[in-house]
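For reference, the structure is listed below as structure tokens.
The values are calculated or read from the model by the stated rules, or taken from the named source; none is laboratory data. Note that the structure is a prediction, hence the values are computed from the model and not measured. Glycine also receives a Cβ, built like all others from the backbone with ideal geometry; neighbour counts cover every protein chain displayed.
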Amino acid sequence: MFSNNMIKALNKQIQEEFFSAYLYQSMSAHFASENLSGIANWFSVQAKEEMTHAFKIYDFIIERGGKVKLLAVNEPQDLWDSAQKAFEDALEHEKHITRCFDKLMDQAMEEKDHATRIFLEWFVTEQIEEEASASEIVEKIKMSGNHGHGLVMLDKELGQRVFVSSLAQE
Ligand code: OFO
């Protein structure tokens, strides 16, 4: 059964995903203004992915006869001291999102809501990748440095990232 509490919790997660998109787009805008267009691209692609996460949950609520309620999204931070700090913040944010999905999963299991539990499995798996990719970039910056040739090379690499919608894959 799809409880009102579960619908409320999923609507809250839509808000988290839209905030994630806001945060990463703000990081993108910051690095675009610093002429690091590759890092700006990486965060912009990440922001688009977050929008698809929000819409996956949005579609699921509607498909099961629930009502989507869009909640207010906070203004994100807009300045970062370094690329390393931004990716560390992104990693911390993803750890927070992982905890959100763990809680949602616990709730679905407590309520014996198997459809929601199975739906949430995709996100639980996705979070492994989300944390790993932010963590990998933090480590690369630590090795190559926050300035100079190393950062230029990393910027070039991150400029290659292309958005592929996980909505379109289904
Ligand atoms: Fe970055 O993760 Fe959404 O769900």
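When the residues of the range 12-52 are filtered to those that are closer than 16 Å to Ile137 by Cα and away from the ligand (no atom under 16 Å from the Cβ), the one that is surrounded by the fewest Cβ atoms within 10 Å (Cβ to Cβ) is Ser37. Residue selection: Ala47 fails the criterion of being among the aliphatic types (A, V, I, L, M), at pLDDT 95 or above and either under 17 Å from Asn4 (Cβ atoms) or touching a Lys or Arg at 6+ places or on another chain (Cβ under 8 Å) (or both).
Per the conditions (1) surrounded by 16 or more Cβ atoms within 10 Å (Cβ to Cβ); (2) under 21 Å from Leu167 (Cβ atoms); (3) more than 16 Å from the ligand (Cβ to nearest atom), the sole criterion not satisfied by Ile62 is (1). Residue pairs whose Cβ atoms lie under 7 Å apart, sitting 6 or more positions apart in sequence or on different chains, and linking a residue in the range 141-170 that is in a loop (DSSP other than H, G, I, E, B) to a partner that is surrounded by 14 or more Cβ atoms within 10 Å (Cβ to Cβ) and among the aromatic types (Phe, Trp, Tyr), are Arg161/Trp42; Leu167/Phe55. One residue stands out among those in the range 78-116 that are basic (Lys, Arg) and more than 16 Å from the ligand (Cβ to nearest atom): the one that is farthest from Ile61 (Cα to Cα), which is Lys85. Considering every residue within the range 120-132, establish whether at least one is assigned to a helix (DSSP H, G or I) and either away from the ligand (no atom under 12 Å from the Cβ) or over 21 Å from the mean Cα position of the chain (by Cα) (or both). The answer is yes; a qualifying residue exists. Within the range 28-49, residues that are within 14 Å of Met153 (Cα to Cα) sit with their Cβ atoms under 8 Å from residues that are among the acidic types (Asp, Glu), at 6+ positions apart or across chains, in these pairs: Leu36/Asp155; Ser37/Asp155; Gly38/Asp155; Gly38/Glu157; Ile39/Asp155.
On inspection, Leu79 does not qualify as under 20 Å from the mean Cα position of the chain (by Cα), surrounded by 18 or more Cβ atoms within 10 Å (Cβ to Cβ) and of a type in the set (A, V, I, L, M, F, W, C). Being in contact (Cβ under 8 Å) with a residue 40 or more places away in the chain, assigned to a loop (DSSP other than H, G, I, E, B) and aliphatic (A, V, I, L, M) is not true of Leu104.
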